[in-house]
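Student: Please read through the structure below; I'll follow up with questions.
Each reported figure results from applying straightforward, stated rules to the coordinates on display, with no laboratory input. Everything quoted here is computed from the prediction, not taken from an experiment. Please note: Cβ atoms are built from the backbone with ideal geometry, for glycine as well, and neighbour counts cover all protein chains shown.
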Amino acid sequence: MLSDTLSIVSWRARPRSFVALMSLYESNYLRLAALAGDLRRLPDARVSRVPDDCDLRLSVTERSPYTTSFDLTYLFADETGVSTYPDMRVRIYHDARLVEAQEWATQHDHQALKALRGVDVILHAGDINGESTLESLARIAPVEAVRGDHDRALDMLPTTRELTIAGKKFALVHGNRSRWLEEPQTLLWTLTLGYFQPHKGLPGSLRRRFPDADVIVFGHTHRVHMHMVGDALLFNPGGVHQWNAVTARRRLQQKPGWFEWCWLQFARHLRQIEQPSIGIIEIDDEGMIPKIIGL
């Protein structure tokens, strides 16, 4: 295997110098060759898969006798399917044995990730879909997350977290309760095609559960909630994924089990539909400003 230790760096390679830049390009070439093999014979597309991380796709965009250009693209998977977001455009100079990164995204194209750029901490209230989601978010800011009722594979996560952010006491919880309480309400929501709104007593229940919290962030309902209960802010940012005709049809194509298949026959006809969203809470010396960002 090639190693970038073969790339001899001159004593003239001071930071930001031309020699240092060429040494970097040569190192890029050696590393890429170790990963992808013969760079003159790159396939049109190739996907690199690492456990518990996003897939990385290489797509050749241009070939010539002396150069090859390609895009490196992360593949993000969620309930709606797989989305592609180009991050970097790269060119190989074959005879010179150099690889140059020509363009790269300073902000991610994914709406949710782009909206979160610049935050100090990310709170995820459950129904995460997989560790790859947490890995993607962690590239933006530190992540605090709890397990939702659909996160059976993420049993390493707690069901609640209590933490202090900017001097405010936060409680983070998904919000699911007893199935005996929730399933009749979910049935009514389904049969009324979304017009009945379940979980109306959830904010008050959470306030009683976390009496000392300044902010209680919860999920589960996929419905925006931003109200004061006593002196505490009860905040639900909604959901990035929302059921509608498109997402239900896409899920049906994945051949779910019979019970979910039956439920989706109703879900694809929902008339009262929530829009995808995330939430931001800004905290300064004058207080807190919560806001919802539609996607």
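Student: Using amide H atoms built 1.01 Å from N in the peptide plane, name the residues 5+ places from ASP55, or on other chains, whose amide H lies under 5 Å from its own.
Tutor: LEU75
Student: I've got another one for you. Return the equivalent ellipsoid semi-axes of the stretch 160-258 as a descending list in whole Å, where each equals the square root of 5 times an eigenvalue of the C-alpha gyration tensor.
Tutor: Output for the stretch 160-258: semi-axes of 29, 15, 12 Å.
Student: Using alpha-carbon positions, what is the distance between the centroids of the stretch 142-196 and the stretch 219-295, in Å?
Tutor: First find each Cα centre; the distance between them is then 11 Å.
Student: Seen from all sides and averaged, what is the projected area of the convex hull of the Cα atoms in the chain, in nm²?
Tutor: It is 20.4 nm².
Student: Using the Karplus curve 6.51 cos²θ - 1.76 cosθ + 1.60 with θ = phi - 60°, work out ³J(HN,Hα) for each residue of the stretch 234-245 in order, rounded to whole Hz, and write x for Gly and Pro.
Tutor: For the stretch 234-245, the Karplus-derived couplings read 9, 10, 10, x, x, x, 5, 9, 10, 6, 7, 4 Hz, x marking Gly and Pro.
Student: Something else: Hey, got the Cα dimensions of the stretch 212-295 along the principal axes, in Å, largest first?
Tutor: 51, 25, 21
Student: Residue by residue, what Karplus-based ³J(HN,Hα) values in Hz, rounded to whole numbers, does the stretch 158-168 have, using 6.51, -1.76 and 1.60 with θ = phi - 60° and x for Gly and Pro?
Tutor: So the Karplus estimates, Gly and Pro as x, are x, 8, 9, 9, 10, 8, 10, 10, 6, x, 9 Hz.
Student: Show me the chymotrypsin sites (Phe, Trp or Tyr not before Pro) within the stretch 193-236 that DSSP assigns to loop and that have at most 12 other Cβ atoms within 10 Å of their Cβ. Numbers along the way, then the final one.
Tutor: On the way: sites: TYR195, PHE196, PHE218, PHE235; in loops: TYR195, PHE196.
Qualifying residues, ordered by number: TYR195.
Student: For the stretch 241-295, run through the GluC sites (Glu not before Pro) and keep only the ones in DSSP coil with at most 12 other Cβ atoms within 10 Å of their Cβ.
Tutor: Of the GluC sites (Glu not before Pro), the ones in loops of the stretch 241-295 whose Cβ has at most 12 other Cβ atoms within 10 Å are GLU286.
Student: Output ³J(HN,Hα) for the stretch 64-71: one whole-Hz value per residue in order, computed from phi by the Karplus curve 6.51 cos²θ - 1.76 cosθ + 1.60 with θ = phi - 60°, and x for Gly and Pro.
Tutor: With coefficients 6.51, -1.76 and 1.60, one gets 8, x, 10, 9, 9, 10, 8, 9 Hz.
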